[in-house]
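Let me begin by presenting the structure, written as structure tokens, before commenting on it.
The values are calculated or read from the model by the stated rules, or taken from the named source; none is laboratory data. Nothing here was measured: the structure is a model prediction, and the numbers come from that model. Reconstructed Cβ throughout: ideal geometry from the backbone, glycine too, with neighbour counts over all protein chains shown. Note: areas computed on protein heavy atoms with side chains; ligands, DNA, RNA excluded. Shrake-Rupley method; radii C 1.70, N 1.55, O 1.52, S 1.80 Å.
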Amino acid sequence: MTPAFEVRIDDSAARTRIRTSLHESLLVEASAGTGKTTELIARIVAVLASGLTTIGRIVAVTFTNKAAGELKLRLRQELDRAREVRTSAERANIEDALEHLEEASIGTIHSFCSQILRERPVEAVVDPAFEELSEQQAARLYDRAFRSWMQRKLSEGSPGLRRALVR
């Protein structure tokens with residue numbers, strides 16, 4: 001089925017900036033499926049090839065384990081491709097990145113925060129042996145907390161909550 005209308009936006013300048021403006025921090029905001037991950041990976045490869053940093057200083061976070069796994073896999077693939085088309089100095093940087101890829105902090109926001117908390121448990125006032133909840137454990141805890149909150153609010157006789165429930 002053909003859409004009634006189609007809007008095309010030339011974002012090539014923005015994409016070029018993502019890949020080449022390596023000395024500035026950028027915020028990229030775009031809808032799902034527009035190529036954010038592709039551009040992020042291109043930027044990571046470019047910054048590594050240039051020697052501006054090493055793979056151990058790279059942090060890339062996402063929300064799901066699936067997305068994090070895909071990000072790491074795609075980065076490995078692009079690094080493999082990049083070593084074929086770079087100068088000898090860039091190729092050496094890429095080879096080093098591939099050799100130390102596991103040192104990069106590429107994962108979920110939860111795993112990244114956990115890493116920081118484990119590095120500084122005293123300052124964060126957390127038990128250094130804490131464990132992240134699984135998705136199922138987190139869902140159960142959320143459901144239990146929400147039910148408890150709901151019961152408390154209902155017992156308080158909140159008129160706003162009662163109106164919302166009637167609707």
Looking at Leu73, is it open to solvent by less than 90 Å² (accessible area, probe 1.4 Å), farther than 19 Å from Ile18 by Cβ and out of contact with any Pro (no Cβ under 8 Å at 6 or more places or on another chain)? no
Quick one: in the stretch 44-70, of everything that is surrounded by fewer than 17 Cβ atoms within 10 Å (Cβ to Cβ) and part of a helix (DSSP H, G or I), which residue is farthest from the chain's Cα centre (by Cα)? Ser50
Does Glu132 satisfy the criteria of being farther than 30 Å from Ser50 by Cβ, modelled with pLDDT under 90 and not in a helix (DSSP H, G or I)? yes
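Could you run through the stretch 64-122 and say how many residues are among the polar types (S, T, N, Q) and closer than 17 Å to Gly51 by Cα? Spell out the reasoning first.
In the first step, residues of the stretch 64-122 are kept if they are among the polar types (S, T, N, Q); the result is 64-65, 77, 87-88, 93, 105, 108, 111, 114-115.
Now narrow it down to the ones that are closer than 17 Å to Gly51 by Cα: 87-88, 93.
Of the residues in the stretch 64-122, 3 are among the polar types (S, T, N, Q) and closer than 17 Å to Gly51 by Cα.
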When residues of the stretch 106-127 are filtered for being part of a helix (DSSP H, G or I), within 23 Å of Arg74 (Cα to Cα) and aliphatic (A, V, I, L, M), how many remain? 1
Residue satisfying condition, being under 20 Å from Gly107 (Cα atoms) and charged (D, E, K, R), within set Glu135, Glu123, Glu156: Glu135
